Amino acid sequence: MEHTDPITCELRFAATHGDGAPETIALRSGVADGSLVRIHRGVYATASDWEKLDSRGRHVLLTRALAAGPARHGVVSHVSALAALDLPRVHDDFDDTVTVTDPRRTSTKTSSHLLRRPGQVPADDLVRLGDLSVTGLRRTAVHVARTASFADAVLCTDAVLRRLVLPNGHRTGPVVAAALRREREALLGRLGPTTHPGNRAARRAFQFASPFAENGGESLLRVVLFELGLSNVELQREFHLADGRVARCDTYLAAHGVAVELNGFVKLTDPRMLAGRTPAEVVRDRARRDRSLCQVPEVRAVVNCEYPDLVVPDRLGELLRDVGVGLDRRRVTAAARAAARRFRGDTP
């Protein structure tokens, strides 16, 4: 599906014209004939724009509709800021409740499509996205880490650190290490005492997070590897191949000499990633690269996994056991339970 930018989609407001105005009647008629979609009471968008938006985009459009009315005193925050800033999380589906931080509130209040949380957001913690005032990257990371699951907190914080520490793409070295240390300490410094609700979980996520995960899938891969009992995982480890090329692996288990690569379907369909190759050529090149990697002394094996292997960690565990990585069955069982809660909402 072709997607459009929800920040620039046109919104039409009945309040601009008045309840009985011909323009307002025309808006309601548009909904009846299918040319318009009612986003919220008195707010409409064209059906063609709506159809091009994914779940995240529709949430952002609803956020804009509410920010022009009942949420106008608040700052878009938490999961709604995550959506507006295009930060990753485990699930692609967003619900129809917009979250804002409202300085007028002293307690949390939920109403139709709107969750107001109390709090002040300093001006230097705000960003402007079109007609929205949104919490900035650091504050959004804190909000998500305090209120979301460990996996969602890591996916969000990984992406925030990547934007702050590696804005121009992958790099390493002392300058990057110093920048990462400053940003991590700055995030931790925002949390305060562990007695504050969510701070203990947020601290754990911030200490685990890394800017070297290049996308949400790689972040989730590292979370699942950790849940399987493999905590010493290197990200984006580079190896010099015999032909002079440098191969950079998604994750590397140094204790086992195993590189673990996450292969998404997009690598076989995105024209930019195909770079003129057919999907069959991509698979062939991957196999050749794997063979070259296994000729490097530090690499004993390469494991290629896919997103479904993260949804069902037993499958990833089996792939790892096939190349001699020993796993504690209790950790595998615990990882499977965590995945069931994460993806299916199973209760503990």
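Quick notes on this structure:
- The chain: radius of gyration over Cα atoms, expressed as a fraction of 2.2 N^0.38 Å: 1.13
- A simple rule links phi to the HN-Hα coupling: the Karplus curve 6.51 cos²θ - 1.76 cosθ + 1.60 with θ = phi - 60°, which for the stretch 242-250 gives 4, 8, x, 6, 10, 9, 10, 9, 4 Hz, with x for Gly and Pro.
- Distant-in-sequence amide contacts of Leu126, defined by a placed amide H-H separation under 5 Å and a gap of 5 or more residues or a different chain, comprise Gly136.
- Crossing angle, helix 313-322 versus the chain [Cα axis fit, 0-90 degrees, rounded to tens]: 20 degrees
- Beta-bridge orientation, the stretch 57-135: approximately 60 percent antiparallel, per DSSP, counting only bridges with both partners inside.
- Convex hull volume of the C-alpha atoms in the stretch 35-180, normalised per residue: 127 Å³.
- Shape of the stretch 1-93, Cα gyration tensor, a/c cut at 1.5: oblate
- The angle between the Cα long axis of helix 199-208 and the main principal axis of the chain comes to about 50°, on a 0 to 90 degree scale.
- For the chain, calculated [θ]222 nm from helices alone, where every DSSP H run of n ≥ 4 adds -39500 (n - 2.57): -13500 deg cm²/dmol
- Degrees between helix 174-189 axis and first principal axis of the chain (Cα, 0 to 90, nearest 10): 50 degrees
- Per residue value of the accessible surface for the chain (all protein chains in place, 1.4 Å probe), Å²: 50 Å²
- Evaluating 6.51 cos²θ - 1.76 cosθ + 1.60 at θ = phi - 60° for every residue in the stretch 324-335, the Karplus couplings come out as x, 8, x, 10, 6, 4, 5, 5, 5, 5, 5, 5 Hz, glycine and proline recorded as x.
The values are calculated or read from the model by the stated rules, or taken from the named source; none is laboratory data. Predicted model only: the values in this text are computed from it and were never measured. Note: areas computed on protein heavy atoms with side chains; ligands, DNA, RNA excluded. Shrake-Rupley method; radii C 1.70, N 1.55, O 1.52, S 1.80 Å.
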